[in-house]
Amino acid sequence: MRDVENMEKNVVKALESEVVEAKNELNTLYTSKAFLISKIGENILSVLTSSKKKIEWEHINCKPSNAVFFIGAENYPAFIDRVRSVAKKFSTILFFIVEYKTSLNCECKITKNDNIIYLFWHRNSIKNNDLVKQIFSHVENNFICNAVVVDLSRNGENDISQLVASCFSASILRLNEKTIKDLLRAENEMDFLKYFFPSASIIVVNHNKIAFTKMCIDSIINNTVYPFYEILLVDNASNDGSKEYFSMLEADIPALKFISRNVNDGFSGGVNEGLRSAKGDFIVILNNDVIVSRGWLSGLIKHAIKENAGIVGPVTNLCGTEAMIKVRYRTVEEMAAFMNWYNFNHKDVKAFKVKTLNLFCAVMRRDVFEKVGFLDERFSVGMFEDDDYCMRIKEEGFEVICAPNVFVHHFGRVSLLSLLDRKNYRKIFKENRKKFEEKWRLNWWVTRGLSLRLKRIKLLLFDRYY
């Protein structure tokens with residue numbers, strides 16, 4: 001027993017040391033030109049000029065939130081009573097109860113109680129989007145990163161539903177009598193709310209990177225405002241104390257499920273193990289070397305829920321696609337401030353299609369996964385499994401989408417660089433590129449590589465810093 005306690009103490013001590021070391025590494029990221037070139041490589045800043053300037057971002061005192069708009073609520077008083085009981089337990093969700101009043105003298109009236117906002121309106125009083133303006137004025141200190149409009153009107157369609165949905169890029173759910181009765185019979189608040197916010201499974205793969213993985217898990221726990229998710233942490237035969245530490249962590253974090261494996265067959269193998277255990281309606285593939293921003297999952301699901309969406313990813317500081325932007329934060333504190341500022345100021349920017357996404361952070365619906373299937377494990381260790389998966393998604397008629405309203409920090413190639421030196425890295429790259437080209441019968445450099453290189457040059461030379 002004493003030996004086990006000593007082992008646990010040693011693991012925790014080693015972890016604390018690695019976390020400090022990793023944070024110091026990030027804090028010095030933009031002060032060392034040699035480090036920039038060797039580790040981040042292609043994301044080269046104007047080091048000698050911009051690194052001397054003090055970077056400041058506007059302080060955003062906001063709370064990213066999910067929102068549910070219940071339109072035509074006056075038709076179902078019992079349903080709204082249930083919403084009131086649910087609202088008390090979920091602080092990351094704003095509930096808008098919109099009731100239609102028949103009185104011709106009725107103006108737009110709004111009252112607020114905790115995270116429930118009541119709106120009373122008359123159709124003739126709604127001009128120039130007055131209702132939506134009133135809604136915006138009552139969500140100060142919040143920005144809605146994912147919204148659902150629930151139409152309870154008995155005629156099956158409501159112009160206010162369309163108005164609110166268009167303003168918040170929200171999906172519309174029209175409930176029939178049977179569905180409403182079923183929801184009223186839900187045994188608890190979670191079962192009731194899951195109808196409006198389907199669950200998500202977040203898959204994270206680790207191999208001998210306990211500090212980075214711990215920072216990633218911490219950022220998920222601290223920054224995820226989406227109400228229902230599980231974290232599937234898959235360990236690929238680590239020998240650095242990861243198994244012991246994350247087994248202990250599993251007991252403290254209800255959302256975390258730790259999956260220990262005795263083989264390291266690379267990123268694809270680890271992700272596929274997680275996919276086999278995933279129970280969520282949304283599947284999230286997340287590298288262990290990322291730090292997510294506040295509201296990240298809600299912001300990505302907002303796009304992934306759309307019918308044409310196959311897979312959705314955020315913008316980042318480091319990747320090999322069009323999703324990369326130039327950033328200037330130098331410390332962990334600056335990074336956190338930047339993330340809040342960026343997400344808030346880009347909340348209304350429309351998503352756009354891309355040819356491929358790097359799978360450092362990607363979200364898809366379960367029906368997409370069931371059509372496309374598991375990652376192809378022929379791409380050993382890593383590289384080109386993401387190009388391949390995006391090709392397969394498009395082959396099924398779905399779109400590959402970048403969501404510019406969400407930023408996620410990516411350290412980049414942490415697991416690969418720990419396994420391979422530069423020579424072997426290039427060797428694996430060439431081998432997997434050949435496998436990819438043989439599978440799809442195309443020249444990757446002609447169809448993808450050259451355009452990426454040109455876009456990277458444009459990014460470095462012409463795109464502005466955030």
Cα-based Rg / Dmax (Å) for region 200-461: 17.4, 50
For Leu175, other-chain or 5+-apart residues with amide H closer than 5 Å (H placed, Pro excluded) are Asp151
Rounded to the nearest 5, the percent of DSSP beta bridges in region 200-461 running antiparallel is 30
With a cut-off of at most 16 other beta carbons within 10 Å, and DSSP calling the residue loop, which GluC sites (Glu not before Pro) in region 216-276 qualify? Please list them. none
What are the trypsin sites (Lys or Arg not before Pro) within region 164-248 that DSSP puts in a loop, where the Cβ has at most 10 other Cβ atoms within 10 Å? Arg185
For labels at Arg378 and Gln162 in the simple 7 Å Cα→Cβ model, what's the distance in nm? 4.9
Dipole magnitude of region 200-461 about its Cα centre, charges +1 at Lys/Arg Cβ and -1 at Asp/Glu Cβ only, in debye to the nearest 20? 1180
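Coordinate-derived values only; no laboratory data. This one's a predicted model, so the numbers in the text were calculated from it and none came from an experiment. Ideal geometry is used to build each Cβ from the backbone, glycine not excepted, and the neighbour counts take in all protein chains shown.
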